[in-house]
1. Once the Cα atoms of the range B:27-92 are picked out, what are the Rg and Dmax in Å?
2. Measuring nothing but label to label, 7 Å from Cα along Cα→Cβ, what are A:Thr32's distances to the other copies in nm, shortest first?
3. What are the nm distances, shortest first, from B:Pro188 to its equivalents in the other copies, labels at 7 Å along Cα→Cβ?
4. At a Förster distance of 51 Å, what's the computed FRET efficiency of B:Asn97 paired with A:Arg184, Cβ-Cβ distance as r, to 0.05?
5. Taking the Cα centroid of the range B:34-55 and of the range B:108-125, what is the distance between the two, rounded to the nearest whole Å?
6. When the Karplus curve 6.51 cos²θ - 1.76 cosθ + 1.60 is applied with θ = phi - 60°, which whole-Hz ³J(HN,Hα) does each residue of the range B:108-119 get, with x for Gly and Pro?
7. Can you list residues whose amide H is under 5 Å from A:Phe241's amide H, if they're 5+ apart or on another chain and H is modeled 1.01 Å from N?
8. At 7 angstrom along the Cα-to-beta-carbon line, where would the label on A:Glu138 sit relative to the other copies? Give the distances in nm, shortest first.
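Bear in mind that the values in this text are calculations on the coordinates, not laboratory data. All values derive from a computational prediction rather than experimental measurement. Every residue, glycine among them, receives a Cβ derived from its backbone with ideal geometry; neighbour counts consider all protein chains shown.
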There are 2 protein chains.
Amino acid sequence: MDATARPEPAARSGTRVAKAPRVPSRANTTQTIYRTLRADIIAMRRTPGEPIVEKHLAESYGVSRTPVREALLRLSDDGLIEIFPQSGTFVARIPMNALPEAVVIRTALEGTAVRHAAQRATRSQVAVLRANLMLQQEMDAAGDFDGFHEADEQFHSLIAEIAGYPGLWGLAQQVKVHVDRYRRLTLPAPGRIAQVIAQHTAVADAIAERDPVLAEQRMSAHLDELLSAIPNTQGANPFYFTGAEMAPATKNS
Amino acid sequence: MDATARPEPAARSGTRVAKAPRVPSRANTTQTIYRTLRADIIAMRRTPGEPIVEKHLAESYGVSRTPVREALLRLSDDGLIEIFPQSGTFVARIPMNALPEAVVIRTALEGTAVRHAAQRATRSQVAVLRANLMLQQEMDAAGDFDGFHEADEQFHSLIAEIAGYPGLWGLAQQVKVHVDRYRRLTLPAPGRIAQVIAQHTAVADAIAERDPVLAEQRMSAHLDELLSAIPNTQGANPFYFTGAEMAPATKNS
DNA sequence: CATGACACACTAGTATACAAGTGTGCAAGA
DNA sequence: TCTTGCACACTTGTATACTAGTGTGTCATG
């Protein structure tokens, strides 16, 4: 009953070499399963509406249901799966009516990021941005779509980092998952990537010129194209979509 | 092995009255524990650094460790507790260096919300806002601090709702938890609440006048005061704070 | 043949048991 | 007195067993 007397484990053993992780960690098994499933869902390797069974996953990973369940609960919080108690668990369908809000939120977040980035960017940071733009062009030239997508994400991540608010990009990532899933379904229109790179370059130029207003305008214009492309493949694909459901962050209420 | 053939449970029994929840639900026990603990932590009824033991919680709630553990995992994702495997779980200390970013993010989100609200607000919606302002004044006059805080939150929630982006406020709530915890520690300076109400009124007026730019300016000014008040009680309180740690949304990487 | 009730197989939710570490405290030795 | 090593009590992580509810298929019944 004297548990309250202990201050914290990290503050122990003053001189001992801290081999243990000083940051709070998470069970490795759960995290692995979570990341794998999340990647599968976003990459559409698991299709919307597809059932997910804890027992099967547990067997395929060679672990018990417990870590699988913990991973599924996180995915449920992210809005990527839907758990119906005593019934079943399914890959979430894409909530079409939540996509505009997601784009607006992302624009708000990244607009702020790029504005601050344009105020604070050093020359070396601008150089890193330019290097990333070159990488994007190389990936496009090589036809490596996944590689371009990765470089694209890194571009946006770099801007948040330059702004001094790296957590901002984490939030944006969290918000844009359904939009990403939707875009997986639409064909990469010919010349689209080159256009995106041009927009990225324009943003980077505005940052280099220390013009926060222009940078934010260009970023907003870039991201708004996500919105205009939304009702595009609606007819082409079947029942992967739904009109109901809330944004993932609405778990409190 | 014909599991993939089943489309979805919600689509069953065409004519049967849908007594079951059509939306994916969450286990009741876990949710109750989660909400209680979350409220306790934000309200500083559980102090930063304080140990949390799954077994004790399970006994006090009269349930097993499993639902307790699930609630704790969610809180860990929120950044409200820190789990050290095989060692212990503790209420998260307030990450001081993450607070400015949280305020910036909240400002970005709510600035966007109020801008859209000013463009779309109907007369009745403005009236609801005004009613809420009156409620705030009543709470202040009655000295009901918690009541005012609740009305305050509702004011911001209403704006997001008017903007047509209710999920935006959910995100803002998620981001501002640590700032809220911090502000619990600082005394409510005399006359502060009246000042806040005045700022709220100014925002509402700008919305009523359909002036998006002015509304966003006033909201930004309102929220920026959170930032200026940050290094205020630093000396007054002990070791509730830390300089490390990341924003809660950085769980992917 | 249509319809309804009902049982059964399957799901997730919960409880319990066990495993794998961690940190404290004590005791033996220099 | 200080250091060092070890053992034990305690934590969370994982596995397994059991509970509770759902949906489907089947079979009796009109």
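1. Radius of gyration, then largest Cα-Cα span, for the range B:27-92: 10.7, 28 Å.
2. Shortest to longest, the spacings are 3.6 nm.
3. 5.6
4. Here the calculated transfer efficiency is 0.90.
5. 34 Å
6. Calculated HN-Hα couplings, in order: 4, 5, 6, x, 4, 4, 5, 5, 5, 4, 5, 7 Hz.
7. A:Ile94
8. Label point to label point, same position, other copies: 6.6 nm.
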